[in-house]
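Nothing in this text is a laboratory measurement; each read-out follows from the coordinates by a stated rule. Keep in mind that this is a model prediction, so the values were computed, not measured. Every residue, glycine as well, gets a Cβ built from its backbone with ideal geometry; the counts of neighbours run over all protein chains shown.
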Amino acid sequence: MKNKAQNTQARNHKALHGIVRVLYSCISLASKLPWPMWKALARMISFFTFSVAGYRKTIVRHNLQQSFPRHPPQQLQEVEAGFYLHFGELIAETLKGFAIKPHVLSHRFSLKGFQAIQKHLLQGQSVLLISGHYGNWEWLSHMLALATAPFDAWAVYKPLSNPLIDMLMQHCRTHLGLKLCPHDQVPRMLAQMKRWPAVALFVADQTPLDIHHAHWLQFLAQDTPFFHGVDKIARKSGFPVYFAAVRKCGWARYEASFEQLLDVTPTTPRGAITAAFAHKLEALIRSAPQYWLWTHRRWKRSHLKPPHAIEVDKLTPTAPRPDRP
């Protein structure tokens, strides 16, 4: 009975792989269409998600109203429209990225200040990168794989609940050399990084499940829990931590700049790295809010803040300015 179940599971897994290969081949073939056609597709996606389907429009509007309470309604509407325009472009860019060539991506996505990270690698020291769902984080991971070679570039991710989509995204994310690490295998990845220098990217602005050990601070005018993992890893390992700020320069054009958050030492306070990251990310979002992923229910657990929450607001003097009309 056990062998029969195992055989059935193996057949299902093999069939899933076959479907993924077919879908990946179709998307890769479509991704070779010229850029103007993809721009037109992006406009169609934006129109459909915003005007027809109203994809998560209630969540987007609530997030914007809570994050910018002093902004007039017209300004919030402009940010909302700009977000859905960018959202359509982001989907089109991600699909185009399934088979994008290294020289094409390098032409459209530039790295500023990456020499400092390369210097760490050449000195035999691994680096932690932390960023948010801002701009195009998928292309950022592709560029890291190209820029760190011959050293490894890792991206920590949470597997998607749909196995078909998850496997498809794995194919997309790894085709330029990026290595993926499921979030429950981070210790194994860190053990390798101690032996061989590498870069690990954490996109760490989503809502943590464990709110009791999360780091809490005021973020976009709201009590917000953050993952504490990078903070803990950096203080324990001594790896330098850099913030990756992705800025949009136009249709399918980006620039990522890299800035060391803190000089991590054994005496670095718990939560200081998280606070520095949150302040940098908030400043980036305020500079052009339409490029953050507003469809995410970022504050769905904020009302569950425990009485003895780990609050890290005052661990860095570089807090963002209050929201202004």
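In table form, for the structure just shown:
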{"quantity": "Given LYS101/LYS194; LYS101/LYS300; LYS236/LYS305, the pairs whose alpha carbons are separated by over 28 Å", "calculated": "LYS101/LYS194; LYS101/LYS300"}
{"quantity": "Unit Cα scatterers, Debye sum, the stretch 113-215: log10 I(q)/I(0) for q = 0.18 Å⁻¹", "calculated": "-0.93"}
{"quantity": "Translational D in µm²/s for the stretch 195-325 (Stokes-Einstein at 37 °C, 0.692 mPa s, Kirkwood Rh from C-alpha pairs)", "calculated": "208"}
{"quantity": "Rounded Å value of the spacing that divides the Cα centres of the stretch 181-215 and the stretch 101-142", "calculated": "17"}
{"quantity": "Estimated FRET transfer efficiency (TRP251, GLN192; beta-carbon r; R0 35 Å; 0.05)", "calculated": "0.40"}
{"quantity": "Label-reachable residues, the stretch 197-238, where backbone N falls under 16 Å from a point 7 Å from ASP184's Cα toward its Cβ", "calculated": "209-210"}
{"quantity": "Ratio of the Cα radius of gyration of the stretch 102-315 to 2.2 N^0.38 Å, where N counts its residues", "calculated": "0.99"}
{"quantity": "Per-peptide average of other Cβ atoms within 10 Å, ordering 176-185, 222-231 highest first", "calculated": "222-231, 176-185"}
{"quantity": "³J(HN,Hα), Karplus 6.51/-1.76/1.60, whole Hz, each residue of the stretch 166-182, x for Gly, Pro", "calculated": "4, 5, 5, 5, 4, 4, 5, 6, 9, 6, 9, x, 5, 9, 9, 10, x"}
{"quantity": "Local electrostatic count, GLY229, Cβ distance below 15 Å [Lys/Arg +1, Asp/Glu -1]", "calculated": "+2"}
{"quantity": "Net charge, TRP196 excluded, C-beta distance under 15 Å - Lys, Arg +1, Asp, Glu -1", "calculated": "+3"}
{"quantity": "Peptides ranked, highest mean first, by Cβ atoms within 10 Å: ranges 304-313, 202-211", "calculated": "202-211, 304-313"}
{"quantity": "Residues of type aspartates and glutamates that LYS57 reaches as a straight line, Cα spacing below 14 Å, ignoring anything fewer than 8 places off in the same chain", "calculated": "GLU78, GLU80"}
{"quantity": "Space enclosed by the convex hull of the alpha-carbon atoms of the stretch 157-203, per residue, Å³", "calculated": "79"}
{"quantity": "Directionally averaged projected area (convex hull, Cα atoms, the stretch 24-125), nm²", "calculated": "10.3"}
{"quantity": "Residues THR58 and ASP223, FRET efficiency given R0 of 25 Å [Cβ-Cβ distance, rounded to 0.05]", "calculated": "0.75"}
{"quantity": "Rounded to 5, percent antiparallel among DSSP beta bridges of the chain", "calculated": "40"}
{"quantity": "Unit Cα scatterers, Debye sum, the stretch 174-238: log10 I(q)/I(0) for q = 0.11 Å⁻¹", "calculated": "-0.34"}
{"quantity": "Segment HIS212-VAL22, extension gain: residue separation times 0.36 nm, minus the distance between their alpha carbons", "calculated": "64.1 nm"}
{"quantity": "Proximal charge balance of LYS32 [Cβ under 13 Å; K/R count +1, D/E count -1]", "calculated": "+2"}
{"quantity": "Cut-off under 5 Å, modelled amide H: who pairs with GLN260 long-range", "calculated": "PHE243"}
{"quantity": "Protection proxy ranking, peptides 248-258, 45-55, 276-286, average beta carbon neighbours within 10 Å, highest first", "calculated": "276-286, 248-258, 45-55"}
{"quantity": "Computed FRET value (nearest 0.05) for GLN75 with GLN260, which takes r as the C-beta separation and R₀ as 41 Å", "calculated": "0.75"}
